[in-house]
Every structure is written in structure tokens, then in C-alpha cells.
1. Conditions first: (1) within 21 Å of Ala153 (Cα to Cα); (2) at pLDDT 90 or above; (3) surrounded by 17 or more Cβ atoms within 10 Å (Cβ to Cβ). Glu29 passes all but one, so which condition is the exception?
2. Considering only the range 107-138, how many residues are of a type in the set (S, T, N, Q), out of contact with any Leu (no Cβ under 6 Å at 6 or more places or on another chain) and closer than 18 Å to Ala19 by Cα?
3. Under 9 Å between Cβ atoms, at least 6 apart or on separate chains: pull out the pairs that start in the range 31-48 with a residue that is in contact (Cβ under 8 Å) with a residue 24 or more places away in the chain and end on any residue that is surrounded by 11 or more Cβ atoms within 10 Å (Cβ to Cβ) and assigned to a strand (DSSP E or B).
4. For Leu117, are the conditions met, namely being open to solvent by less than 30 Å² (accessible area, probe 1.4 Å) and modelled with pLDDT of 95 or more?
5. Does Glu122 meet the test of being closer than 20 Å to Thr36 by Cβ, open to solvent by 10 Å² or more (accessible area, probe 1.4 Å) and over 13 Å from the mean Cα position of the chain (by Cα)?
6. With (1) within 17 Å of the chain's Cα centre (by Cα); (2) part of a helix (DSSP H, G or I) as the list, and Ser157 as the residue in question, which single condition is left unmet?
Amino acid sequence: DDERTRTPTNDSGSQLLNAALVLLINMVEADAVGTTKKLRSAVVGLPAQRTQTSFVEMLAKLFLQSGGGSAMEDPPVDDDEDGKSQHVTADMIKSYTGDDSVGNDDLILQAYTGLLLAFLIEDHAALRAEVASIFGGPAPFQALADTLERFHAFHESLNSISAASSERLIKVVKWLC
């Protein structure tokens, strides 16, 4: 019910949101057809406003709120390789991006919302059109593509992305451009 601000008042809420997004991304990767179909049709209730919105619309707005529509965006996050945890911290992101103008929580949120959103609209023209209208501008998906390119480069630099995930991410970025 709380409106998201640029500066989270409680880090645990941001961590929980990011963990939920990672879980959904992994579910989409493991069961692209079933999970994607469910998430595409999911509706999110906003009790304080007594309204409902589509899950995809909520993700698009969350991406924009995290700075995804601005020139300040960047990528990050976590993965694992060889059984070792490769959790990406905010400090690692800051050292990679060198950008203090966007909060680290926003960078992580931007990357995860962007990735899940791209997966959900990838093969669905109507949802792509809906998100394009939310993003606006002559190249509505450019900020999303830029975020995912940096997300990919970040994981490549850590050698923390599988070949299959890397190929899928490259494919998604290409159709966004």
C-alpha cells in the first residue's frame, strides 16, 4: 500500500522485493510457458487505492520508478557458478558503475524488474504495446535494453552467467533495440 520512494526507508523491504523478483525470473526461465502465461495474466490489487492493475503494468511502472527511464540507470545482481554463491552487493555495483546518482537498491531493482518485464513481453505483441505506451518516447525500449546490456556486461565481468542465460539475454536485448 505504501508508495515507493527513491530512498527506501527500510532495506529489508528492498531485499525482499529483489528476492521475490529473482524467484519469479528463475521460475520463468525454468518453466517459460506456464509461469509466463500466469504472470502475464496476473492482476495486482492495490487496496489503499481500491484499484487493480496488471502485473506487467506494475513491473513497467516499478522499472520507471527505479530510474529505468532516465539516463542514470545501471545493472547488477546475483547468480551462482560452480556451486559458490556469487551474490552481488551494492558496493560491487557502485565500484562497477561509478555512479552515485542512483541508489544501489534502485539499480538492483531496475535490473530485476527490467529482466522479468522483458521476459514477459518478449513474445507478446499486445503486452509490448502496453509497455511501450507506459514508457513513451520514440524508442520506448531503449532504456530497458541499455539496462539489460549493462546487467549482462556486469555478470560477464564476474563470470557469473551461464552460456544459456547469456544467449537468452543477448537475444532479448536484440529484439528490444
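The values are calculated or read from the model by the stated rules, or taken from the named source; none is laboratory data. These numbers come from a predicted model, not from an experiment. Every residue, glycine among them, receives a Cβ derived from its backbone with ideal geometry; neighbour counts consider all protein chains shown. Only protein heavy atoms, including side chains, enter the accessible area calculation; ligands, DNA and RNA are left aside. Shrake-Rupley method; radii C 1.70, N 1.55, O 1.52, S 1.80 Å.
1. Looking at each condition in turn, Glu29 falls short on (3).
2. Our first condition is that a residue be of a type in the set (S, T, N, Q); within the range 107-138, this holds for 110, 113, 133.
Pick out the ones that are also out of contact with any Leu (no Cβ under 6 Å at 6 or more places or on another chain) and you get 110, 133.
Filter once more, so that each one left must be closer than 18 Å to Ala19 by Cα: 110.
Qualifying residue count, the range 107-138: 1.
3. From residues that are in contact (Cβ under 8 Å) with a residue 24 or more places away in the chain, the pairs are Arg40/Ser54; Leu46/Gln52; Leu46/Thr53.
4. Values: open to solvent by less than 30 Å² (accessible area, probe 1.4 Å): yes; modelled with pLDDT of 95 or more: yes.
Yes, satisfied.
5. Values: closer than 20 Å to Thr36 by Cβ: yes; open to solvent by 10 Å² or more (accessible area, probe 1.4 Å): yes; over 13 Å from the mean Cα position of the chain (by Cα): yes.
So Glu122 fits the description; yes.
6. Going through (1) within 17 Å of the chain's Cα centre (by Cα); (2) part of a helix (DSSP H, G or I) one by one, Ser157 breaks only (1).
To keep it simple, each residue is scored yes or no on (1) open to solvent by 70 Å² or more (accessible area, probe 1.4 Å); (2) among the polar types (S, T, N, Q).
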residue: Ala126; (1), (2): no, no
residue: Glu130; (1), (2): no, no
residue: Phe135; (1), (2): no, no
residue: Pro138; (1), (2): yes, no
residue: Ala143; (1), (2): no, no
residue: Thr147; (1), (2): no, yes
residue: Ile161; (1), (2): no, no
residue: Ser165; (1), (2): no, yes
residue: Leu169; (1), (2): no, no
